[in-house]
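To start, the structure itself, in structure tokens.
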Amino acid sequence: MTNDLARWQFATTSIYHFLFVPVTIGLAFLVALLQTAWYRNGRPEYRRVTRFFGTLLLINVAVGVVTGLVQEFEFGMNWSQYSRFVGDVFGAPLAMEGLAAFFLESTFLGLWLFGWDRLPKRVHLACIWMVAVGSMLSALFILAANSWMQHPVGYTMSKQGVPQLNNIWALFTNPTFLWGYVHVILASLVTGSLVMLAVSAWYLRKGREVSSFHRTASVAVLVLLPAILIQMFVGNKLGEIEAKYQPAKIAAAEAQWNNCQPCSFSVVQIGGGNNDQTPTQIIEIPHLLSILATGTWGGAVEGLNELQKQDQKQYGPGNYIPDVFIQYWSMRVMAYLGSLIALLALWGGWLLHRGTLDRSKWFLRCALWAVVTPFLMNTAGWLLTESGRQPWIVQGLMKTVNANSPSVTQTDIWISLIVFVLIYIALGAADVVLMLRYAKRGLDHEDITRGESGSESGAGAGGGAVPALTY
């Protein structure tokens, strides 16, 4: 029970933190694009929307950083056995994330925030690009560590039975990392684009600041369209990698209990789960599972029953099948919502080509509500990745049941879990209120004349992000 509570607590904090991470990465990149456009053409509208969405980025970063700090303490407090086991491997990428990526991101974010009236225009632009690079580097190092948990590489086992890193470059050439990292970056671009598109759509529907928000809606669509289409390809390749190194994860995602060749994909099923091996599958698509899992038309996929026998033979008695219900529906949430977003992006691209994007009421209405979809997709992706590894906390090396802290009691975890949930509800409410509040206030018109008179020696604009937080 203590182990399960510790898992619930870490899942709660991780999922909550991951709501903010893709927004930060995606919005930082989009804000950098907007400021680049302002730098090149000098139009004050681009500076105003840069400050506007920069304010939303700052709010998101402030809350996101706080939620991420908790996880660092959970490793040592709730998962001490795990921390001792992976410490020699995780030390390098986590140190790189803190010393290189996080400090890079936070330092240049501060320079960008306070440098509007103080830094040369070119240097100020470089600052926001360094923020975008830093956020992506932070994800790179964290995912390198996480991918090692999915597919351990570049290590040797010590005499004490603890893995020791002997090839750090293997972490960054790990196939699960390479495809997983691209997958997360694309998901972040999709998230940031849909946030920007939703805010822009709200203003366009209201008929406010149409010229400025038509530009931001156009930028959002132009980033969203290739990002979601490439994402669908990358997701398929990641499925092939996972089928090779974590076959139970893919078999559970289709509730495939027996071996098959070729293998079909069910659109939906009734029933299912670890205690139901014969669910009612509705609308089966022939060969699709073979394509997703092997990249071939008639590839074979091993079923969960066969994989269970193999794991018991290799690792000893135990249950090695992940939660089939979570795997099955997590995959479909990602796939179906991703398909809807792709259709929305194609629709937006077509309207942009016709020059009617700002006048399409139905598209703007759909774009406004579509902002919810990436958060559902990102959460489903986290569940698919982490729950699909169970019962392992490190694939093939350490089980989750052996990873928690023996000295921590159920009462300790219950208290901290309740406190975290209450604090996170408050932080989430504050984030939503602040985001909506500043999103609805519109653009700052005081800077138009000041922005037009800017020069290369200064930021080219007065005010900056600080007034945007106080006006």
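The values are calculated or read from the model by the stated rules, or taken from the named source; none is laboratory data. Nothing here was measured: the structure is a model prediction, and the numbers come from that model. Cβ: placed from backbone, ideal geometry, glycine included. Neighbour counts: every protein chain shown. Heads up: the accessible areas ignore ligands, DNA and RNA and are worked out on the full protein's heavy atoms, side chains in. Shrake-Rupley method; radii C 1.70, N 1.55, O 1.52, S 1.80 Å.
Is it true that Gly161 is more than 24 Å from Leu19 (Cα to Cα) and over 15 Å from the mean Cα position of the chain (by Cα)?
It is true that Gly161 is more than 24 Å from Leu19 (Cα to Cα) and over 15 Å from the mean Cα position of the chain (by Cα).
Within the range 1-27, can you find the residues that are of a type in the set (Val, Ile, Thr), over 16 Å from Gly428 (Cα atoms) and modelled with pLDDT under 85?
Thr2
I'm told Ala62 meets every condition in (1) in contact (Cβ under 8 Å) with a residue 60 or more places away in the chain; (2) open to solvent by 20 Å² or more (accessible area, probe 1.4 Å); (3) among the hydrophobic types (A, V, I, L, M, F, W, C) except one. Can you identify the failing condition by its number?
(1)
Return the residue satisfying two criteria in turn: it lies in the range 315-330 and is within 20 Å of Asn259 (Cα to Cα) and in contact (Cβ under 8 Å) with a residue 60 or more places away in the chain, and of such residues it is surrounded by the fewest Cβ atoms within 10 Å (Cβ to Cβ).
Filtering the range 315-330 for residues that are within 20 Å of Asn259 (Cα to Cα) and in contact (Cβ under 8 Å) with a residue 60 or more places away in the chain, the one surrounded by the fewest Cβ atoms within 10 Å (Cβ to Cβ) comes out as Asn319.
Quick check on Thr385: is it closer than 22 Å to Leu19 by Cα, open to solvent by 20 Å² or more (accessible area, probe 1.4 Å) and of a type outside the set (Asp, Glu)?
yes
Taking Val123 and the conditions (1) open to solvent by 50 Å² or more (accessible area, probe 1.4 Å); (2) at pLDDT 90 or above; (3) under 23 Å from the mean Cα position of the chain (by Cα), which numbered condition does it fall short on, given that it satisfies the others?
Answer for Val123: the failing condition is (3).
Would it be correct to say that Ala426 is at pLDDT below 85 and either of a type in the set (Val, Ile, Thr) or within 23 Å of the chain's Cα centre (by Cα) (or both)?
Judged against the criteria, Ala426 is not a match.
Look at Val394 and say whether it is touching a residue at least 40 places away in the same chain (Cβ under 8 Å), within 30 Å of Asn174 (Cα to Cα), β-branched (Val, Ile, Thr) and open to solvent by 50 Å² or more (accessible area, probe 1.4 Å).
No.
Do we find that Asn378 is within 29 Å of Tyr181 (Cβ to Cβ) and not β-branched (Val, Ile, Thr) in this structure?
Yes.
Quick one: count up the residues across the range 148-190 that are among the hydrophobic types (A, V, I, L, M, F, W, C), open to solvent by less than 30 Å² (accessible area, probe 1.4 Å) and in contact (Cβ under 8 Å) with a residue 40 or more places away in the chain.
9
Could you run through the range 423-444 and say how many residues are in a helix (DSSP H, G or I) and within 20 Å of Glu209 (Cα to Cα)?
Looking only at that region, the number is 6.
Just one of (1) open to solvent by less than 70 Å² (accessible area, probe 1.4 Å); (2) in a helix (DSSP H, G or I) trips up Phe103, so point out which.
Unmet condition: (1).
Against the condition crowded, with 20+ Cβ neighbours inside 10 Å and not aromatic (Phe, Trp, Tyr), how does Val195 come out, does it pass?
Judged against the criteria, Val195 is a match.
Considering only residues that are open to solvent by less than 30 Å² (accessible area, probe 1.4 Å) and part of a helix (DSSP H, G or I), which ones fall in the range 338-364?
Result: Gly338, Ile341, Ala342, Leu344, Ala345, Gly348, Gly349, Leu351, Leu357, Phe363, Leu364.
Looking only at the range 203-244, filter to residues that are open to solvent by 60 Å² or more (accessible area, probe 1.4 Å) and over 20 Å from Met377 (Cβ atoms); which one of those is modelled with the highest pLDDT?
Leu222
Within the range 1-23, restricting attention to residues that are over 21 Å from Met377 (Cα atoms) and of a type in the set (A, V, I, L, M), which residue is surrounded by the fewest Cβ atoms within 10 Å (Cβ to Cβ)?
Across the range 1-23, the extreme among qualifying residues is Met1.
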